[in-house]
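Visitor: I'd like to ask some things about the structure below.
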Amino acid sequence: MDNKRIEELKSIAAEVRKDVLRMVGLARSGPFETSISAAGLLVYLYWEELLLIPSEPSRRDRDRFITDIPAAIPALYAVLARRGFFEREHLWHYRRLGAMLQALPDFKRTPGIDAPCLTVQPAVAMAAAIAKELSREEEKPRVVFLTGGHSFSSEEFINEMKHIGLCRVPNLLIVIATRLSEAVGGSSVRTDNIRMLSSCGWDVRQAVAEDLRSLEEACNSFDFKEGGPKALFVSIEGELGLSVSDSGQSETAHSLSMGELDQALEELEVKSNEH
Amino acid sequence: MSTNEKISTFAAFCELITEYALNNEDFLLLTTEEVTETELFDRLPPEKYIRTESSVAGALTRAAGSAIAGKKTWLLGRVAELTGCGYAQIREAIALPKLPVRIAALNGGLSCAHEGASVQLLEDLALMRTIPNMNVFIPSDMAALRGIIERSENTSAPLYMRLGCTPVPALDDSYGESFRLGGARILRSGTGVTICACGIMVSQALLAAEQLERQNISAEVIDCYSLKPFPESVLLSSVRRTGCCVVAEEHGNIGGLFGAAAECLGRTYPVPLRCVAVEDQFVNSGTPEELREYYGLTWKEIVDASAQAWALRRR
């Protein structure tokens, strides 16, 4: 990936972040901090990694993307709109009665959404089942499942990861996004998790979301036609430090006022110019 | 199979689903780890049968994934684990996205009553019936079960079916072309009282009808295998002739077949209505036969309830 392409992707991610703020601002509800943090990673996946044709969202041989992070849904919607799955106009009706873009995606109705975003564990089992079925096809389409580091605090999730590791599902990629600031001692917890997954048959890599070359390198090093399932731990380092915050209360109805929205958009503009 | 041979709906399910699986390309049967009778599915090729080793929650979300990938997915588990522990997954991963996952729940009613109330979930039908998009069935014999399995292919909605372990007689040899999801079978015609029953209580309802005949009360017995969609037209047509109704079910008396019938009749054509079901309580442990006797789920209570309803019937 050359510098020009990197700049291009960063510029798209900056626009996606602004769209997220506009969506949440207009809706007067919805999480935005996680979405803003995840925007860069999603842009990389949708522009560089996933094999898909936006005009043919139901193509059988397309790669699938699934997430169990409801707070990342605004970013996913914004990315899908920018990628051409549907008109950006839909973003401004996010969370409205009867709108296509509901708080959690209606996967049968929204182009580009491959599966429901479950708030119950273990959603990873759903992704694994889809990957297993697709692995029987000649093209072996991949299933990319995005989850957060917090998933490892669920016994259900860990047990399921152990079971999946024993199956040969080479086309399954679990992306585990963690903020470096998430917890004290986070790196040792991560090391333990990596060791645990590796011992269960997972092929594990690490990357940094803001370092697109590290993402590319990690993804390219996987052989999606052979071996066990793949796991990619991605650190999301870049705290954007906006003066407005949803306080991590992704499911509550905290809304951005117009003043806060304008301020946050200005701050994003300044930060993207700095980059 | 001879019509006199008794077979449980679970045993019939194993037989029929194997036959169905072998004739259907995209079929997949998942069983939860609590189901130990795996040898019953030995005839199935590995790509059509998976015994999940994960939790019930994992089995349910896995079933959802298989359905998304285009498989005709069936999930077999025990009632208590599926509807008790797995309620959130059934609701969110299967019913909300309206995925065609067929859930077959074993040990329904009082058939596993030795284990006590914690694993004897008598409210499963009520729990499933109130979930939007979910269809709920309770076959009373092999013919009804065959009909449900075969007709389920034509529906894209999720389905919950309760299976019992108590052997039951064949009530109606052929389900025929008229069998449909959302229908009911009239097993005996009458004009004095409508007895609407499901599952194992259908055979008790037929015994009760014979007793009532001796008291000059002509009972119409309906096998209401479909709780949702509910066969309103069949029930209404019957009660318009009889003027009263008795509901019999191996379930708590809230939210199951009695609830469905009461909602339908109360809304459209109110008539005297009686219920033969377990009162609002947790059950003791014991043999299924003892418990059915103890909690009043026999033909005798149906006869009593019918006589009461008949005396008050709408003329």
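The values are calculated or read from the model by the stated rules, or taken from the named source; none is laboratory data. The structure presented is a predicted model; accordingly, all values stated were derived computationally and were not measured. A quick note on method: Cβ atoms are made from the backbone with ideal geometry, for glycine too, and the neighbour counts reach across all protein chains shown. These accessible areas exclude ligands, DNA and RNA; they are computed on the full protein's heavy atoms, side chains included. Shrake-Rupley method; radii C 1.70, N 1.55, O 1.52, S 1.80 Å.
Visitor: Between residues in region A:156-171 that are at the interface with chain B (Cβ under 9 Å from one of its Cβ atoms) and residues that are acidic (Asp, Glu) and buried (at least 18 other Cβ atoms within 10 Å of the Cβ), which pairs lie under 9 Å by C-beta distance while being six or more apart or on different chains?
Guide: Close Cβ pairs (under 9 Å, with a partner that is acidic (Asp, Glu) and buried (at least 18 other Cβ atoms within 10 Å of the Cβ)) do not exist here.
Visitor: For B:Glu47, work out the one condition from (1) of a type outside the set (Val, Ile, Thr); (2) open to solvent by less than 10 Å² (accessible area, probe 1.4 Å); (3) closer than 24 Å to A:Asp61 by Cα it doesn't fulfil.
Guide: (2)
Visitor: Can I ask one more? Looking only at region B:111-168, which residues are part of a loop (DSSP other than H, G, I, E, B), buried (at least 18 other Cβ atoms within 10 Å of the Cβ) and hydroxyl-bearing (Ser, Thr, Tyr)?
Guide: Correct list: B:Ser111, B:Ser140, B:Thr166.
Visitor: Further, regarding this structure: Which members of region A:47-81 meet the condition of being among the hydrophobic types (A, V, I, L, M, F, W, C), under 19 Å from A:Ala128 (Cβ atoms) and either surrounded by fewer than 24 Cβ atoms within 10 Å (Cβ to Cβ) or without any contact (Cβ under 8 Å) to a residue 12 or more places away in the chain (or both)?
Guide: Once the filter is applied, which keeps residues that are among the hydrophobic types (A, V, I, L, M, F, W, C), under 19 Å from A:Ala128 (Cβ atoms) and either surrounded by fewer than 24 Cβ atoms within 10 Å (Cβ to Cβ) or without any contact (Cβ under 8 Å) to a residue 12 or more places away in the chain (or both), region A:47-81 yields A:Leu50, A:Ile69.
Visitor: Answer with yes or no whether A:Leu26 is open to solvent by 40 Å² or more (accessible area, probe 1.4 Å), under 18 Å from A:Thr147 (Cβ atoms) and either out of contact with any Gly (no Cβ under 6 Å at 6 or more places or on another chain) or not in a loop (DSSP other than H, G, I, E, B) (or both).
Guide: The answer is no for A:Leu26.
Visitor: A:Thr110 - would you say it is within 14 Å of chain B (Cβ to nearest Cβ), of a type in the set (S, T, N, Q) and open to solvent by less than 10 Å² (accessible area, probe 1.4 Å)?
Guide: Here the answer is yes, as A:Thr110 does meet what is asked.
Visitor: Can you confirm whether A:Met100 is touching a helix residue (DSSP H, G or I) at 6+ places or on another chain (Cβ under 8 Å), in a helix (DSSP H, G or I) and more than 7 Å from chain B (Cβ to nearest Cβ)?
Guide: When the stated conditions are applied, A:Met100 does not pass them.
Per-residue answers, yes or no, for (1) at pLDDT below 95; (2) surrounded by fewer than 24 Cβ atoms within 10 Å (Cβ to Cβ):
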residue: A:Val16; (1), (2): no, no
residue: A:Leu21; (1), (2): yes, no
residue: A:Phe32; (1), (2): yes, no
residue: A:Ala38; (1), (2): yes, no
residue: A:Leu45; (1), (2): no, yes
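Visitor: Would you kindly identify the strands (runs of 3 or more DSSP E) lying entirely within region B:1-101 that contain at least 1 residues that are touching a residue at least 60 places away in the same chain (Cβ under 8 Å)?
Guide: Answer list for region B:1-101: B:72-78.
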